[in-house]
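The values are calculated or read from the model by the stated rules, or taken from the named source; none is laboratory data. Quick caveat, the model's predicted, so the values are computed rather than measured. Surface accessibility is based on the protein's heavy atoms, side chains included, excluding ligands, DNA and RNA. Shrake-Rupley method; radii C 1.70, N 1.55, O 1.52, S 1.80 Å.
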Amino acid sequence: MKHPEYNEFAKFCLHELIELQDDFKSRYDIDGYEDWFYNQSNGLLTFSTEEDQINFRYLLAGTFSKRSNTWKWSWDNENIMPEVKKEVSSVKNFGYQSEFEKLTNGCFESDEEEAWELTAITARLTKGIGVYRPASEDLLTFMVIQEFVDNETAQAIKDKYVECGAHEYRRRAFVCNHLNYRDKIGFEESFETYENMQLEDDDDFQDWCNECEKVRQKEDGWNDNSMAFADIKVICEQCYFDMKELNLGYR
Ligand SMILES: [Zn+2]
Ligand SMILES: [Zn+2]
């Protein structure tokens, strides 16, 4: 059974989205670009034509499967990276407060029109500036655009990620060259870390081994000598936490 208040709210959000979307499209001319690309790890959606590009921060509201006719919220989907779904849980919380079941059921039978409604609700509740749904065969992805990101900032965000052979594309981490996947040699972090934590713009995951720590203390901090001894390398965030687990067994 449909909740009458819910229906009204959904309709209101959909109308609001139509206006929002007109404004978004005319302001940024996203249909004028040849290519698009999105990255769930860093949360950036990029439209480009050769060198010319425009970037946005986006959230993934959910996906609609044309094969099974089901909607699945991103927060219910473990294949979706945290960066693009963590804020979508505010929609679920609102659903609990308002007793709107469609916002609290992770996955249910639906249709494409309703998928747009759910996306419109997400846009309203997360203060989105527009939506984007790339054309695809079976699985439709509904994205809510959060904000425009200038090219310099977008590059700075992209620079904080690395391609890892084992873990694909992840945030970067800096470790001393001695750390590996076999030996327990200590794990000295520059600050206490946990998986999927938010980092400030100028913070990075950093750690070094016991030997490096001895040299660092002898040299009274990081200087040319202690840096040369550490011989810092870049690894991915997941590798970092795997090494942390090996050394500290913290999990
Ligand atoms: Zn070391
Ligand atoms: Zn890795």
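Between region 18-77 and region 116-153, what's the alpha-carbon centroid distance in Å?
What the calculation gives is 5 Å, centre to centre.
Mind pulling the angle between the C-alpha long axis of helix 112-125 and the longest principal axis of the chain? Nearest 10 degrees, somewhere in 0 to 90.
The answer is roughly 60 degrees.
Using only the Cα atoms of the chain, what do you get for the radius of gyration and for Dmax, in Å?
Radius of gyration, then largest Cα-Cα span, for the chain: 22.2, 71 Å.
For the chain, find the longest principal axis of its Cα atoms and tell me its angle to the long axis of helix 4-28, 0 to 90°, nearest 10.
70
Please list the non-local residues whose amide H lies under 5 Å from the amide H of Val131, H modeled 1.01 Å from N, same-chain partners needing a gap of 5 or more.
Ile145
Taking every DSSP beta bridge that has both residues in the chain, what percent is antiparallel when rounded to the nearest 5?
Around 95 percent antiparallel, to the nearest 5.
Which value at 222 nm does the chain reach when only helices count, each DSSP H run of 4 or more adding -39,500 (n - 2.57), with the total divided by all residues and rounded to the nearest 500 deg cm²/dmol?
-10500 deg cm²/dmol
From the protein chains alone at 1.4 Å, what is the descending order of accessible area for Trp75, Trp36, Trp208, largest first?
Trp36, Trp75, Trp208
I'd like the orientation of helix 237-248 relative to the chain: the angle between its Cα long axis and the longest Cα principal axis, in ° from 0 to 90, rounded to 10.
Relative to the chain, helix 237-248 is tipped by roughly 50 degrees.
What are the extents of the Cα atoms of region 160-248 along their three principal axes, listed from largest to smallest and rounded to whole Å?
36, 31, 21
Which lysines have a Cα less than 19 Å from the Cα of Lys11, not counting those fewer than 8 places away in the same chain?
Lys2, Lys92, Lys102, Lys127
From the backbone phi of region 203-217, what are the Karplus-calculated ³J(HN,Hα) couplings (6.51 cos²θ - 1.76 cosθ + 1.60, θ = phi - 60°) in whole Hz, Gly and Pro given as x?
9, 9, 5, 9, 8, 8, 8, 4, 4, 4, 5, 4, 5, 4, 5
How big is region 99-184 in terms of Cα radius of gyration and Dmax, in angstroms?
19.5, 55
When the C-alpha atoms of region 1-116 are aligned to their principal axes, what extent does each axis show, in angstrom, from largest down?
50, 32, 29
Going by amide H atoms built from the backbone, whose H comes under 5 Å of the H on Val149, apart from near neighbours?
Those lying under 5 Å, H to H, from Val149 are Asn55, Phe56, Arg57.
Can you pull a Stokes-Einstein diffusion coefficient for region 136-202 at 10 °C (1.306 mPa s), Rh from Kirkwood over Cα pairs, as a whole number of µm²/s?
Once the numbers are plugged in, D ends up at 100 µm²/s.
Per residue, how large is the accessible surface of the chain? Use a 1.4 angstrom probe and give square angstrom.
57
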